[in-house]
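Undergrad: One structure follows; several queries about it will come next.
The values are calculated or read from the model by the stated rules, or taken from the named source; none is laboratory data. What you are looking at is a predicted structure, and each value in this text was computed from that prediction instead of being measured. Every residue, glycine among them, receives a Cβ derived from its backbone with ideal geometry; neighbour counts consider all protein chains shown. With ligands, DNA and RNA removed, areas are computed over all heavy atoms of the protein, side chains included. Shrake-Rupley method; radii C 1.70, N 1.55, O 1.52, S 1.80 Å.
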Amino acid sequence: MRVLGVDPGLTRCGVGVVEGVAGRPLTMLGVGVVRTPADAELGHRLVAVEQGIEEWLDAHRPDIVAVERVFSQHNVSTVMGTAQASAVAMLCAARRGIPVALHTPSEVKAAVTGSGRADKAQVGAMVTRLLRLAEPPRPADAADALALAICHIWRAPAQNRLQQAVAQHASKGRTR
């Protein structure tokens, strides 16, 4: 499975591609950040994020895009920019028929470090170890994007089994 992880943001949108399956060593295929100038008009920034995501989709052809689920923060303007960048990533994937998975920050932290309350340094250190990198990806948005991809690879098999079980249970209820 090849996953493009997206840590959404207007100024820095982290992107990272990881390939592998649960229970086996994973491989990083690319990592980076799509940047936009903070003083640019919002529409131009969203177009720049779209172009950056499209370039990553073209270059890496992922099977799925894993995006950080936007959660409520105290700073409404920050959460709005994050949500807008998140929507752009989901739109780019949907336009190509690529499935999108959303993961909360605490799900990602728990999957990668074992603690849903891990800090950015802990996430970066574990991403470095899990992908056998020489040093943590910089900035932290890039490491977070890789963590999203890792989280999805590890969680997808269990999530798929749960979805199949729910669907099977629902179909039995309809046939009675």
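Undergrad: When Rg is the radius of gyration of the Cα atoms in the chain and Rh is its Kirkwood radius, what does Rg/Rh come to?
TA: Radius of gyration relative to Kirkwood radius: 1.00.
Undergrad: What distance in nm lies between label points placed 7 Å from Cα along the C-beta direction at Thr27 and Ala170?
TA: Distance between label points: 3.6 nm.
Undergrad: Quick check for you: with a 1.4 Å probe and neighbouring chains kept, what is the accessible area per residue of the chain, in Å²? If you can, show how the numbers build up before the last one.
TA: Details: 9520 Å² over 176 residues.
Value returned for the chain: 54 Å² of accessible area per residue.
Undergrad: Here is a further query. Return one number: the angle in degrees, 0 to 90 and rounded to the nearest 10, between the long axis of the Cα atoms of helix 42-60 and the longest principal axis of the Cα atoms of the chain.
TA: 60
Undergrad: Could you compute the net charge surrounding Thr104? Neighbours are other residues with a C-beta less than 11 Å from the C-beta of Thr104; K and R count +1, D and E count -1.
TA: Net charge in that neighbourhood comes out at 0.
Undergrad: Among bridges DSSP assigns within the chain, what percent are antiparallel (round to 5)? Working shown, then result.
TA: Values: 14 of 22 bridges.
So the antiparallel bridges amount to about 65 percent of the total.
Undergrad: Residue separation times 0.36 nm, minus the C-alpha to C-alpha distance between Leu133 and Leu42: what's the value?
TA: Length difference between fully extended and current span is 29.3 nm.
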